[in-house]
């Protein structure tokens, strides 16, 4: 019984930051039709930026709660700097061309960003452990869980809700949806489609960086943290369906809990299980569980 | 025999001989680098074969790794050390996997095909990492290979493997060129351009895809076995998606028009890798990534298209059009 | 079912029914086509001509009913299998291999029709090249042989599309709006070229057309479609003077159905 709760909590916590990354990934795919291999690198940049920004908090004599603001600002900074460079500077050159070509470009961006982070922050690990104490410990059943981890679940829920509401209930969101359905007609209607693309990409990058920033207290921030996130987030969006927000949530939960189960019960199957599920879904239901995109088949 | 077929056989024979002779002049470290380049090139040749059918596989690591492990395990546990035999075994193992996986994934296109190949290669990676009986994530080392009974000395082992690799590459390159120039190869290009029409002309796109995938698997198995022997060590990273990404990089750099461009590209990659590892170990990926972007932007047809522009076209039937295009400064069809 | 021309029946549609939700695309379609018939299908967009053509070529499966080719039931076969049985089609928007030359496009068609081991032959094999040139000459396209298809004018692309369908020497050739997208003064020359090319063999031709002059000139039998049903099946003069056809299809003489509905 204890095991089940632990697995669930761990799984859902992991699913939370995975969801935020996947949400960004699926949003970028939905609007720009780009499958961004480099998305995990943006998560890493968020974590590194948070490592840097949170050092300003004690330096400026601010109370530790301000680290949360620092982390938020770190994610924002990453998005403000990288989104325009990547989207306007590079990806825009390939719109309308073969989707696999853009895949190769995002793969190249991943390679570049990996080393850029090493150039900026070096290869030593960073630890952002202070914010982890901010929420104390919460007792569930007979065990204590770190309050901060549970806060991540709330953050993910807020992020998901915000994006969903933003898309469906605001004027800007409706315009984005129009562009998703038909960019050409939207352009004829006077929509500045280029701005919509930049906005969607910005939000996607911000979500990944946010996940990285707020997860930094749980990990040691060092080169290579992007790779398991790239792997897992891809599995999530394939399972949930490319372009689907509820799909990203369900996919994240499936992957998160499967991984937690594997870690505790079948340690040998950890990496294998995620990819196995992804392969099964691709073979039997390539559109994912929440059909949005039609899989190209003959 | 057909004129262009004769030409291809001749080209293959001459390149093979030239490479072997060259081997005697190269220093050991370069022999090792070029042998690895040959191994990588073989896998990328398979990716080119798939690209000529309109598909990109980001998971060739799967069959590359299978070839390496199959031959490697036989070398370690069954005492098989004959390099030529190991190559055949590695190729056979990968081909079998290709024949099994091919029909399963041949119906998918675009990014779904790419994702599926990644998923399969990562499933293998996940499995191998946990199989401690065969080395787990550390992998295992291989015994020194023999060549038709002869065990080379430490000084000659690099050269021996290089010569074998050169022969394999010459044969594989010739075979691929013959396939590309055949009607079956032309049909594959047609599939790339318009699948619908191919079906309505009575030919099966599915069959073409399975055929291409199996050929790619065989080539990857050869490459994996070769590299395993060159490195002397095999581990699950052979199946990791970043390894597969390097094969794709070579294929993009080479373009799908010229077979020799593939091996030139893989050599470039290996040389840049050695150079970077020595002088800029922290920016190797930056170089690779920037290079890839530059190639895609400025030379979308790959190195092969440069070749073709200079030579004025390969296929006799396309020659007039190619010459006209060359005059007008456009890329050959 | 006997055919009006009394030629042997090569293609039969029996009791075809097809709905897409509330839309009736095919209802009680019963047609017998004789070998060598030149048959045209007319009707407004959405009347069911394309549905019929798609069912015959295997792209769609009817809700019920069957298609018989030389007596064999081919209803369940897919487009590739139907093509292999000798029913080939051309496309309204030409489906070509854009970066390849006109000659190469025809060569691919030959390659696709070849036997398994002939595929290992070099693509530029003299025999294949000669056969391809011969086919291009039949359509007066040989001058374009080495030109890239993406650069060819519209009328040429349409002819090439039809030529590719003819490579297999099919028993039944379906042409989907062969003169659509072609300028008025090019329509007749195009059809003349096509019919001239077809004259050397016994081919059954079924074409979908909107131009009644083309229909009158080049077909000896016309099927008029309306709301999924065949409302007329006769020679061109009879069909075009049929009041129902004039009301629902050609819109001539009495102003047509649209005008009547507007006045109602």
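Assorted remarks:
- For region B:124-164, the equivalent ellipsoid built from the Cα gyration tensor has semi-axes of 31, 10, 9 Å, listed from largest to smallest.
- Taking label positions 7 Å along the Cα-Cβ direction at both residue B:141 and residue C:216, the computed distance is 9.2 nm, reported to one decimal.
- Estimated from the Cβ-Cβ distance and a Förster radius of 56 angstrom, the FRET efficiency linking residue A:127 and residue C:61 is about 0.35.
- Distribution of pairwise C-alpha distances over region A:28-148, 10 Å bins, in %: 12, 33, 27, 19, 8, 1
- Cα-based radius of gyration of region A:99-157 once divided by 2.2 N^0.38 Å, which approximates compact folds: 1.81
- As a rough footprinting exposure proxy, the listed residues A:39, B:256 were ranked by other beta carbons within 10 Å of their own, and the order from fewest upward is B:256, A:39.
- Here, region B:226-318 yields an orientationally averaged convex hull projection of 7.6 nm² when only Cα atoms define the hull.
- Cα extents for region A:169-244 along the principal axes, largest to smallest and rounded to whole angstrom: 48, 24, 23.
- With Cα atoms, 0 to 90° folded angle of helix B:83-105 axis to chain B main axis: 50
- Once Rg and the Kirkwood radius are both taken over the C-alpha atoms of chain C, their ratio Rg/Rh works out to 0.99.
- For the peptide A:281-289, the mean number of other protein chain Cβ atoms found within 10 angstrom of a residue's Cβ is 3.
- q = 0.19 Å⁻¹, region A:124-272: log10 I(q)/I(0) [Debye, one scatterer per Cα]: -1.34
- Neighbouring Cβ atoms from other chains, within 10 Å of the Cβ of residues in A:246-257, number 0 on average.
- Long-range Cα-Cα pairs in region A:2-284 (distance over 26 Å), rounded percent: 43
- Debye intensity ratio in log₁₀ form over the Cα atoms of the protein assembly as shown, taken at each q of 0.04, 0.08, 0.10, 0.11 Å⁻¹: -0.23, -0.86, -1.19, -1.32
- Value of Rg/Rh across region B:1-135 [Cα atoms, Kirkwood radius]: 1.03
- In terms of other Cβ atoms within 10 Å, A:55, C:9, C:101 run from fewest to most in the order A:55, C:9, C:101.
- Spin-label model distance (nm) - residue B:100 vs residue C:92, 7 Å beyond Cα toward Cβ: 4.7
- Scattering curve values for chain B, log₁₀ I(q)/I(0), Debye with Cα scatterers, q = 0.07, 0.11, 0.14 Å⁻¹: -0.28, -0.70, -1.16
- Here the contact order of chain C, divided by its residue count and restricted to Cα pairs under 8 Å and six or more residues apart, works out to 24 percent.
- Peptides B:186-192, A:217-223, B:230-236 ranked from most to least packed give B:186-192, B:230-236, A:217-223, packing being the mean of other C-beta atoms within 10 angstrom over each peptide's residues.
- Modelled FRET efficiency - R0 25 Å, residue B:297 with residue B:274, Cβ distances, 0.05 increments: 0.45
- Cα principal axis extents for region A:233-290, largest first, Å: 31, 21, 13
- Highest to lowest packing among B:197-206, C:10-19, scored as the average C-beta count within 10 Å: B:197-206, C:10-19
- Annotation for residue B:28 and residue B:151: the two label points, set 7 Å from Cα along the Cα-Cβ direction, are 1.8 nm apart.
- Mean sequence separation of contacting Cα pairs (under 8 Å, at least six apart), scaled by the length of chain A, corresponds to a relative contact order of 36 percent.
- Nearest-ten-degree value, helix B:241-254 long axis tilted from longest Cα axis of chain B: 40
- Across chain B, the relative contact order, built from alpha-carbon pairs under 8 Å that are at least six residues apart, equals 31 percent.
- Counted over region C:57-192 with a bin width of 5 Å, the fraction of Cα pairs per bin, in whole percents, is 2, 10, 18, 20, 19, 14, 10, 6, 2, 0.
- Equivalent ellipsoid dimensions for region B:70-154 as semi-axes, Å, which come from the Cα gyration tensor, largest first: 31, 17, 10
- When the alpha-carbon atoms of region C:103-177 are used, the pair Rg, Dmax equals 12.4, 36 angstrom.
- Averaged over B:205-218, number of beta-carbon atoms from partner chains that fall within 10 Å: 1
- Efficiency of FRET from Cβ geometry, residue A:120 and residue A:88, R₀ 25 Å, rounded to 0.05: 0.70
- 0 to 90° range, to nearest 10: angle between helix B:259-279 axis and chain B longest Cα axis: 50
- Listing C:70, C:104, C:177 from fewest to most neighbouring C-beta atoms within 10 Å gives C:70, C:177, C:104.
Every number in this text was worked out from the coordinates using simple rules, so none of it is lab data. Computed from a predicted model, the values in this text were never measured in an experiment. Every residue, glycine among them, receives a Cβ derived from its backbone with ideal geometry; neighbour counts consider all protein chains shown.
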